[in-house]
Each structure stands twice: as C-alpha cells, then as structure tokens.
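Data block below; observations after.
Since every read-out is calculated from the coordinates, none of them should be taken as a lab result. The structure displayed is predicted, hence computed values, not measured ones.
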C-alpha cells in the first residue's frame, strides 16, 4: 500500500486500497465514506516510538491499523474486529 503526505503533512491513502482492505468495492467504500461511516485517527509516536505514526481506520466493527515510519513506509499493519458493548438485560 502506498501512503503519502500532502503539502500540509496529512496522510493520503488510495481509496481503492482501503476498499480492498475492508472487502468492499470502490463504489461501496466511497458511499460509506460519504455517509460518515468511516472514521480515522492519527497518533504521532513519542519517546521510544518517536519517528513513527499510527493510522487507524474504522468501518463498522472493523479496524485497520498501520504503523508508519517517518518516510511513510508501512512497518506493520493489521485488521481486527471490535466487539460491541454487551447489553444488560432487565432484572439482571
């Protein structure tokens, strides 16, 4: 996967690559983005993690995370499933 930075330093990812990660067509992924169903966070490494960034993208119960070196090289990545909150039954 190619991850670049724009003139402001923001990360830029190819939507086609992201769609493939989540097992969706480009059109379906784009539609979900437009609906606000895709969220992202960026964390900048500090101390022993200085020089790295962690990108996280969430779509429904799936989260893709990547650790990037300063030059944008993907050091590691994974996709996981987030469990929903358990509902408490009345009377329990």
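With 5 Å bins from zero, work out the P(r) of segment 19-67 over every alpha carbon pair and list the percent per bin.
Calculated over all Cα pairs of segment 19-67, the distribution is 5, 19, 26, 19, 12, 9, 7, 3, 0 percent.
Fully extended, how many nm does the chain gain between residue 11 and residue 56 (0.36 nm per residue separation, minus their Cα-Cα distance)?
15.1 nm
Please report the relative contact order for the chain, taking Cα pairs under 8 Å with a sequence separation of at least 6, and give it as a percent rounded to a whole number.
Details: 124 pairs, mean separation 16.0, N = 92.
Here the relative contact order equals 17 percent.
So how compact is the chain: Cα radius of gyration and Dmax in angstrom?
According to the Cα coordinates of the chain, Rg and Dmax are 15.8, 56 Å.
Working out 0.36 nm times the residue gap between residue 4 and residue 80, then minus their Cα-Cα distance, what length gain in nm do you get to one decimal?
Here the segment from residue 4 to residue 80 would lengthen by 25.0 nm.
Please give the contour-minus-distance gain from residue 70 to residue 44: 0.36 nm per residue of separation, less the Cα-Cα distance, rounded to one decimal in nm.
8.4 nm
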